[in-house]
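Colleague: Can you keep this structure in mind? I'll have questions shortly.
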Amino acid sequence: MPTERAPKSRRSHRPRIRLPEPARRALVACHVLASVGWLAYVTFVLVLAVYVYFADDPVLAGEVWMAVKVFNDLGAGVVSFVVLGTGVALGLSTRWGLVRHWWVIAKLGAAVAVIVGGLLVLRPSATYLGDHLVAVGGTHRTAHLTLTVGVALAFALLAFAAVVSYARPWGPVRPAVERPQDDGRFEVRVRRVADLAEKVRSIELAGLHNRLLPPFEAGAHIEVELPSGLVRHYSLCSDSADRLAYRIAVLREDAGQGGSREAHRLRPGDVVRLSLPRNMFYLGLHPYYLFVAGGIGITPIVSMILQVERAGLPWRLVYTGRTRSRMAFADQLATTWPGNVVLYPTATAGRPNLVAEVAGLPSATGVYACGPDRLLNALAGTIGRAAPHIELRTERFSSGSGVRERFEILAERTGTAVEVGVQQSALDALNAGGVDVPSSCEIGACGTCRLRVLEGHPENPPHVPEPNAPDGAPYFYPCVSRSGEHLIVDA
Ligand code: FES
């Protein structure tokens, strides 16, 4: 039974306290009025201090400082605490937070400095001067000047706080981010595990020391190095706006090589190593999205849905699996977006009618599909026949496991055949096999590594500069491309 919360679109800067709008407005008004009153009071004291300093009359100075003390005790001091309290409440109940933005930290620091300085230095000094100035006689000017400078400093800090409050400079504080080690991997801790569906377990991975994780885009996958040293690829199924934890969903394959079984044995607190997220299943910008998922292929699609939902764009999901109890996220998706999600547990509802699903789609629709080959081939065939104008992007999983397939490449000129493992790029495999393929960017951007395909179908990510040669032959970018079948390339 699924035990996870429903996936929700989340923003990274949610307030800790949610206030009704009238209460928030009242808080803002209270904060602004108290701030203005505090600044006006300190300005008034500063003007008085300067005046009596130049008047050079110890008795007048003593009376002024005594009046300041009395005025402070009658309520002027309370205003500073009102400003501080309403400021903290505003920080916690708005997206600004208390320590998310430099200007808020600076403002808070200035207010606290003035309050502490006022309590510990200015108030006792004013009391002392008020009580003893006449007796101090000729030395009062030094003490008076010191106090005046203190008030001037308080005025400067409050004026500074008012300016930064208006200008909001310097941007947000940059939180610490997990950094990969020399081998490109970084350690994370298992934060939570939960059963999502029959044989499917959700694993949340958070940074050590609660640092932010490296950013990723919907559709990305990571390599997970398990405690035994086995490495497995899993798509991220969490919200790309949430960088406090990654989430993967692992289908347990009892007849597999043991990676998924080991992943299912992970417990909160266990440490695993991750690669940086990589994306070969990019989400483009479209006015409408059709998502098609089969089995555990739902994982990158969940992340895409969260991103599209956050952008407020329309979408529809066609999700198929053998039984509903084996379809991870099915209940959560159908409950959260009942008008967008259609489920096809094939044991009871049969296979999805793909012709009906693609018929009538707007021409700029983006179709994103992930799942087993049979589903993706059927979808590609349907779109090719019924809606060739639609853009289809797919990610293939072997047997719905979340593990990418091995494939073979034959470099025809050198006569070398290499096998590309699930954990390596074709570029690495070719170079390791003695086929010298030059490279530069290794992210599919420069085209240095590309090879003409003589036979087979490459799966290039959509961002590669030229998917085809001028004569129409496909290109293969071994630094980022893969294939679901045997390829023969001109190398
Ligand atoms: S090295 Fe630049 S595209 Fe492959």
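The values are calculated or read from the model by the stated rules, or taken from the named source; none is laboratory data. Nothing here was measured: the structure is a model prediction, and the numbers come from that model. With ideal geometry, Cβ positions are generated from the backbone for all residues, glycine too; neighbour counts draw on all protein chains shown.
Colleague: Give the residue, chosen from Arg174, Arg168, that is under 30 Å from His209 (Cβ atoms), in contact with a strand residue (DSSP E or B) (Cβ under 9 Å, 6 or more places away or on another chain) and either at pLDDT 90 or above or charged (D, E, K, R) (or both).
Modeller: Arg168
Colleague: Go over the candidates Leu120, Leu98 one by one and state the one that is under 30 Å from Leu27 (Cα atoms) and not in a helix (DSSP H, G or I).
Modeller: Leu98
Colleague: Look through segment 191-234, keep the residues that are basic (Lys, Arg) and under 27 Å from Phe291 (Cα atoms), and return whichever of them is surrounded by the fewest Cβ atoms within 10 Å (Cβ to Cβ). Show your work before the answer.
Modeller: Step one: of segment 191-234, the residues basic (Lys, Arg) are 191-192, 199, 201, 211, 232.
Within this subset, residues satisfying the condition of being under 27 Å from Phe291 (Cα atoms) are 199, 201, 232.
Numbers: Lys199: 17, Arg201: 20, Arg232: 24.
Only one residue tops the list, namely Lys199.
Colleague: Still on this model: Out of segment 294-339, which residues are more than 16 Å from Ser240 (Cβ to Cβ) and charged (D, E, K, R)?
Modeller: Residues satisfying the conditions are Arg316, Arg322, Arg324, Arg326, Asp331.
Colleague: Okay, next question. Go through Leu19, Leu27, Leu108, Leu74 for me and flag whichever is of a type in the set (A, V, I, L, M, F, W, C), over 18 Å from Gly150 (Cα atoms) and loosely packed, with under 15 Cβ neighbours inside 10 Å.
Modeller: Of the residues listed, the single one that is of a type in the set (A, V, I, L, M, F, W, C), over 18 Å from Gly150 (Cα atoms) and loosely packed, with under 15 Cβ neighbours inside 10 Å is Leu74.
Colleague: Let me ask another. Are any residues in segment 147-178 under 30 Å from Ala34 (Cβ atoms) and within 20 Å of the chain's Cα centre (by Cα), and if so, which ones?
Modeller: Scanning segment 147-178 gives Gly171, Pro172, Val173.
Colleague: Report whether or not Thr43 is under 27 Å from Arg18 (Cβ atoms) and polar (S, T, N, Q). Don't jump to the end; show me each part of the working.
Modeller: Working: under 27 Å from Arg18 (Cβ atoms): no; polar (S, T, N, Q): yes.
Taking the combined requirement at face value, the residue does not satisfy it.
Colleague: Among the residues of segment 296-341, count how many are free of Cβ contacts under 8 Å to residues at least 24 places away in the same chain and under 21 Å from the mean Cα position of the chain (by Cα).
Modeller: Qualifying residue count for the region: 2.
Colleague: Conditions first: (1) in a helix (DSSP H, G or I); (2) surrounded by 15 or more Cβ atoms within 10 Å (Cβ to Cβ). Ala356 passes all but one, so which condition is the exception?
Modeller: Every listed condition holds for Ala356 apart from (2).
Colleague: Against the definition (in contact (Cβ under 8 Å) with a residue 24 or more places away in the chain and crowded, with 17+ Cβ neighbours inside 10 Å), how does Gly97 come out, yes or no? Can you show your working first?
Modeller: Working: in contact (Cβ under 8 Å) with a residue 24 or more places away in the chain: yes; crowded, with 17+ Cβ neighbours inside 10 Å: yes.
Against the criterion (in contact (Cβ under 8 Å) with a residue 24 or more places away in the chain and crowded, with 17+ Cβ neighbours inside 10 Å), Gly97 qualifies.
Colleague: Could you tell me how many of the residues in segment 419-471 are in contact (Cβ under 8 Å) with a residue 12 or more places away in the chain, of a type outside the set (A, V, I, L, M, F, W, C) and within 15 Å of the ligand (Cβ to nearest atom)?
Modeller: Number satisfying all stated conditions: 15.
Colleague: Right, Ala49: touching a helix residue (DSSP H, G or I) at 6+ places or on another chain (Cβ under 7 Å), modelled with pLDDT under 80, assigned to a helix (DSSP H, G or I) and more than 29 Å from Gly171 (Cα to Cα) or not?
Modeller: no
Colleague: Filter segment 472-491 down to the residues that are touching a Pro at 6+ places or on another chain (Cβ under 6 Å), more than 10 Å from the ligand (Cβ to nearest atom) and small (Gly, Ala, Ser) and list them by number.
Modeller: The one that is touching a Pro at 6+ places or on another chain (Cβ under 6 Å), more than 10 Å from the ligand (Cβ to nearest atom) and small (Gly, Ala, Ser): Ser483.
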